[in-house]
Amino acid sequence: MTDQTAEAARGAGNGVTPDPVTVLYVCGMPRSGSTLLDLMLGQFVGHCDVGELFYLWQSGVERNFRCACGEHFDACPFWGEVGRRAYGGWSQIDVADVRALQSRVDATSKIPLIVNPGMSTAFRRDLDRYTELLTPLYRAVAEVSGARVVVDSTKRPSLAYILARAPQVDLRLVHVLRDPRGVAYSWSQVVELPEGTSTKGRMNQRSARLTARRWVTVNAMVAALGRRGVPRVTVRYEDLVRDPRGELGRIAALTADVTGVVDPLEFLRDNEFEQAGSHAVAGGRIRMRSGPITLALDEKWRREYAPGPRRLVGAMTWPLRRRYGYR
């Protein structure tokens with residue numbers, strides 16, 4: 001990070017240490033229903049969802065993709081005010097430098113160093129700078145939205161480990177799961193994205209073998225973070241769709257001490273909720289929708305996934321899959 005970027009991240013300050021900002025972090029394997037969950041969590045009392053905040057620098061600041069509100073990033077009043085409060089404006093940030101820093105710190109391969117930063121002086125310096133950059137961002141989101149809890153559905157375990165050690169972040173985890181065969185089937189499909197939200201116009205695809213391996217490693221790393229004392233609720237996509245009130249109620253209890261209320265979940269009507277608006281900066285295509293959203297279980301993989309890759313994913317994920325009730 002350049003000196004200019006570091007100074008912008010620190011902000012003016014008044015010498016008073018503020019209370020930690022509470023972050024409800026949705027963690028797990030992509031294509032597990034996390035964007036749907038993110039939109040619902042954003043409607044909790046005192047919560048604000050921002051989508052996958054890890055990609056803000058690339059999708060928002062650098063490429064100016066569309067926010068979930070429909071505006072391009074540089075025209076979104078919400079993100080404009082967040083940038084001003086956090087850094088004195090997005091123009092004060094050297095985005096190329098930030099992305100280089102991000103690549104050195106925020107990656108799965110770096111988790112051993114995140115846990116033990118004393119192993120490398122250079123890494124510890126980068127990690128501290130990255131934390132100094134992120135903390136005012138989460139705080140500005142809370143201030144601009146008026147929320148007590150910021151919902152980040154980035155899912156990456158590495159960012160969760162970083163936030164867990166940030167002194168000014170009060171981290172809570174939602175570990176979202178989906179049957180790995182359904183996840184792998186989703187990764188095999190061509191999924192078009194709304195105009196102005198990506199470069200390629202569609203979501204990435206991934207092989208069955210790579211998806212299965214990632215499903216095991218990602219979920220194991222999230223569970224390990226929970227064992228380190230980070231408050232956590234585990235939610236399966238299938239249960240969320242079948243019993244949204246019950247599953248969301250368990251998540252609401254995770255932040256009730258921060259908001260001061262037991263969320264009544266009034267936005268939820270049986271298996272439907274009204275998407276009232278979001279400023280999710282990145283995530284699945286459903287984030288661009290507005291109006292009523294019906295919760296319907298997507299299990300096309302049971303009918304359409306080819307036997308070969310389906311068996312491969314089943315075999316590679318079998319021990320951990322059974323632990324989470326996927327038999």
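Shape of region 83-182 from its Cα gyration tensor (a ≥ b ≥ c, root eigenvalues): rounded if a/c is under 1.5, otherwise prolate when a/b > b/c, or oblate?
Numbers: a/c = 1.67, a/b = 1.07, b/c = 1.56.
Note, shape of region 83-182 comes out oblate.
Between HIS72 and residues 5 or more places away or on another chain, which pairs have amide H atoms under 5 Å apart, with H built 1.01 Å from N, and which residues are they?
CYS67
Using protein chains only and a probe of 1.4 angstrom, how many square angstrom of HIS72 are accessible, to the nearest 10?
That residue has around 80 Å² of solvent-accessible surface.
Per DSSP helix of 4 or more residues, -39500 (n - 2.57); summed, then divided by the residues of the chain. What does that give at 222 nm, rounded to the nearest 500?
Details: 14 runs with 145 residues, N = 327.
Result for the chain, helices only: -13000 deg cm²/dmol.
Under DSSP H, which helices of the chain have Cα atoms covering 24 Å or more of the helix axis and a Kyte-Doolittle average no less than 0.0? Provide the component values of the computation, followed by the final result.
Details: long enough: 121-145 (37 Å, -0.29); 208-227 (29 Å, 0.34).
Long hydrophobic helices here: 208-227.
Over the heavy atoms of GLU266, what accessible area does a 1.4 Å probe trace out, to the nearest 10 Å²?
Approximately 150 Å² of GLU266 is accessible to the 1.4 Å probe.
Specify whether the C-alpha gyration tensor of region 142-295 places it in the rounded, prolate or oblate class, a ≥ b ≥ c being the square roots of the eigenvalues: rounded for a/c under 1.5, otherwise prolate if a/b is larger than b/c and oblate if not.
On the way: a/c = 1.45, a/b = 1.15, b/c = 1.26.
It is rounded, given that a/c, with a ≥ b ≥ c, falls under 1.5.
Given a 1.4 angstrom probe, I'd like the percentage of the accessible area of region 28-133 that is carbon and sulfur, rounded to a whole number.
48
Can you list residues whose amide H is under 5 Å from VAL235's amide H, if they're 5+ apart or on another chain and H is modeled 1.01 Å from N?
Under 5 Å from the amide H of VAL235 lie the amide H atoms of HIS175, VAL176, LEU177, each far enough along the sequence or on another chain.
Determine the equivalent ellipsoid of region 124-174 by diagonalising the alpha-carbon gyration tensor, then write out the semi-axes as square roots of 5 times the eigenvalues, largest first, rounded to whole Å. Walk me through the intermediate numbers first.
Working: eigenvalues 68, 39, 15 Å².
Those come to 18, 14, 9 Å.
Decide, for region 203-281, between rounded, prolate and oblate: order the square roots of the alpha carbon gyration tensor eigenvalues as a ≥ b ≥ c, take rounded if a/c falls under 1.5, and otherwise choose prolate if a/b is larger than b/c, else oblate.
oblate
Ranked by accessible surface with a 1.4 Å probe, highest first, in what order do MET316, MET40 come?
Order by accessible area, largest first: MET316, MET40.
The values are calculated or read from the model by the stated rules, or taken from the named source; none is laboratory data. Note that the coordinates shown come from a computational prediction; the quantities given were computed from them, not determined experimentally. These area figures cover heavy atoms from the full protein model, side chains too; ligands, DNA and RNA do not enter into them. Shrake-Rupley method; radii C 1.70, N 1.55, O 1.52, S 1.80 Å.
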